[in-house]
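The next block holds one structure in the form of structure tokens; read it before the comments.
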Amino acid sequence: MKILPSSIAIVLMMVATHVAAQGLKIGYVNGVRLERESALIAPEIEQMKKEFASREQQLQELQKQGLDLQGELEKEALTMTPADQQAKQQRLAALAQQFEQLKRSVAEELEVRRNEARMRFLAETGAIIKAIAEAENYDLILEQAVYSSSELDITDQVLNELAKRAASASDR
């Protein structure tokens, strides 16, 4: 039984020796920095803001109508007939329901669009990282690390390539 752990240890030492002898080339990419500084993300955000502006305006208008109606109800509650009061309360409930439905719809659609944009971004950066790895003969590129020296960091190269692609996309 003691032979198995010893065998595994020997194999691991042989692999480590082989890798050290070949000179493993490792790179690191800071994914958070890519998302924060990428030239591809800003146009996407602006497009989404434009696309959702009218629906955000609708939400604001519904909210204002609801607040106005609620203020009316509170101000005139003592002088209103019960039938008028009930009608306004029903109208207020309908406005609140309409507001919540629209708010939920906008939030869901925005989340879907953000996820789609993120997936496109990840695919684009993945292709760029792979191209850099192949062109410069990297054996391994990491995206998450507890520590990385600046010599291993290829984030600037990826950002430069993203900027080139964003510029060519905006020229179209």
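The values are calculated or read from the model by the stated rules, or taken from the named source; none is laboratory data. All figures in this text were calculated on a predicted structure; none of them were measured in a lab. Every residue, glycine among them, receives a Cβ derived from its backbone with ideal geometry; neighbour counts consider all protein chains shown.
What the table below lists for this structure:
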quantity: Looking only at region 21-54, and only at residues there that are polar (S, T, N, Q) and free of Cβ contacts under 8 Å to residues at least 60 places away in the same chain, the one that is nearest to residue 115 (Cα to Cα); calculated: 47
quantity: Residue match in region 133-152 (condition: within 18 Å of residue 39 (Cα to Cα) and not basic (Lys, Arg)); calculated: no
quantity: Test result for residue 73, modelled with pLDDT under 95 and either within 30 Å of residue 110 (Cα to Cα) or loosely packed, with under 10 Cβ neighbours inside 10 Å (or both); calculated: no
quantity: Which listed residue, of 132, 141, is of a type in the set (Val, Ile, Thr), in a helix (DSSP H, G or I) and over 24 Å from residue 52 (Cα atoms); calculated: 132
quantity: Criterion (more than 25 Å from residue 149 (Cα to Cα), at pLDDT below 90, aliphatic (A, V, I, L, M) and in a helix (DSSP H, G or I)) met by exactly one of 9, 20, 16; calculated: 9
quantity: Scan of region 37-70 for residues that are modelled with pLDDT of 90 or more and of a type in the set (Ser, Thr, Tyr), ordered by number; calculated: 54
quantity: Yes/no for residue 55 being over 27 Å from residue 165 (Cα atoms) and surrounded by 12 or more Cβ atoms within 10 Å (Cβ to Cβ); calculated: yes
quantity: Filtered residues of region 145-172 (kept if charged (D, E, K, R) and either without any contact (Cβ under 8 Å) to a residue 24 or more places away in the chain or in a loop (DSSP other than H, G, I, E, B) (or both)); calculated: 151, 156, 164, 171, 172
quantity: Residues satisfying the stated conditions in region 24-58, i.e. out of contact with any strand residue (DSSP E or B) (no Cβ under 8 Å at 6 or more places or on another chain) and outside any helix (DSSP H, G or I); calculated: 38, 39, 40
